[in-house]
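The values are calculated or read from the model by the stated rules, or taken from the named source; none is laboratory data. Note that the structure is predicted; figures quoted are calculated from it, not measured. As a convention, Cβ positions derive from the backbone with ideal geometry for all residues, glycine included, and neighbour counts pool all protein chains shown. Each accessible area value is taken on the protein alone, full model and side chains, heavy atoms only, with ligands, DNA and RNA left out. Shrake-Rupley method; radii C 1.70, N 1.55, O 1.52, S 1.80 Å.
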Amino acid sequence: MRPLKILTADDHALMLEAINLALEDEPDFQIVEQAESGSQLLPLVNRTKPDVVLVDLEMPGIDGLTCVKLLRKRHPWVRTIVLSGHDSDDVIEAALDAGADGFISKSIDPTEFAAALRQALDKPVAGAIGRAGRQRHPAVQETGLSKRELDVLRALAEGKSNKEIARTLWLAQQTVKFHLTGIYRKLDVSSRTQAVNWAYRHGVVDVPFAGGSRDGASATATAERERPKNPA
């Protein structure tokens, strides 16, 4: 299998060099070009035909969010991963709104960058729902939840905190936060409790969790109380 062609866009030369160093020995990635501004990015995409674009949010010329929107419109097959020194909920929400496929914080340890990129590029498996052998629930098909988002939702229903979910699924914590933001948007909910309640009501989660972190267990207990009972 050929390596994924990567195009990086950041106005800081040190960041571009750091990404090069982080990925140069990874056989599944190949950096084909670098852009130092948003205005350079789109012509380079046209010329190099990358599989993945890593784009900084704050660049001169065309800003990162606008670049993501244009890439989604003109090159929808290109996977777009946002890089940012800020990982607040508002920043992640803005990246999702623009159409980003993933998010990586610039504060990540360089030795973990390749693994974080693989996590951000993790693709849903058609017909699967998190665990082997289970079929995709009709309600899940309607929401468009990915396999990884379903894994995070189930871990949430088990009472796990973001840190525990990250450790269980081998994800970076900001990747968990990114997936949670996507889950909330797709389910049209605004809290962990509402997301878990949705999972119970639609049969995505079957067994109430009896332990875990305080926040997660509380969300699960609330969802179980609110779950409609089967008629006698």
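If you check residue 7 against the conditions, is it open to solvent by less than 80 Å² (accessible area, probe 1.4 Å) and modelled with pLDDT of 90 or more?
yes
Going through segment 34-76 one residue at a time, which ones are acidic (Asp, Glu) and either open to solvent by 20 Å² or more (accessible area, probe 1.4 Å) or out of contact with any Ser or Thr (no Cβ under 9 Å at 6 or more places or on another chain) (or both)?
36, 51, 58, 63 - these are the residues of segment 34-76 that are acidic (Asp, Glu) and either open to solvent by 20 Å² or more (accessible area, probe 1.4 Å) or out of contact with any Ser or Thr (no Cβ under 9 Å at 6 or more places or on another chain) (or both).
Can you find, within segment 10-29, the residue that is most open to solvent (accessible area, probe 1.4 Å) among those that are closer than 19 Å to residue 119 by Cβ and not in a helix (DSSP H, G or I)?
Result: 25.
Residue 94: touching a strand residue (DSSP E or B) at 6+ places or on another chain (Cβ under 6 Å), closer than 20 Å to residue 186 by Cα, of a type in the set (Gly, Ala, Ser) and in contact (Cβ under 8 Å) with a residue 24 or more places away in the chain, yes or no?
In short, no.
Determine, yes or no, whether residue 60 is in a loop (DSSP other than H, G, I, E, B) and of a type outside the set (A, V, I, L, M, F, W, C). Before the answer, list the steps.
Details: in a loop (DSSP other than H, G, I, E, B): yes; of a type outside the set (A, V, I, L, M, F, W, C): yes.
It is true that residue 60 is in a loop (DSSP other than H, G, I, E, B) and of a type outside the set (A, V, I, L, M, F, W, C).
Output the number of the condition that residue 55 fails; it satisfies all remaining conditions of (1) touching a Cys at 6+ places or on another chain (Cβ under 6 Å); (2) at pLDDT below 90.
The failed condition is (2).
How many residues does segment 142-160 contain that are open to solvent by 10 Å² or more (accessible area, probe 1.4 Å) and assigned to a helix (DSSP H, G or I)?
Within segment 142-160, residues that are open to solvent by 10 Å² or more (accessible area, probe 1.4 Å) and assigned to a helix (DSSP H, G or I) number 7.
I need a count of the residues in segment 77-92 that are open to solvent by 10 Å² or more (accessible area, probe 1.4 Å) and within 20 Å of residue 119 (Cα to Cα).
8
Residues that are within 19 Å of the chain's Cα centre (by Cα) and among the acidic types (Asp, Glu): does segment 66-87 have at least one?
Yes, segment 66-87 contains at least one residue that is within 19 Å of the chain's Cα centre (by Cα) and among the acidic types (Asp, Glu).
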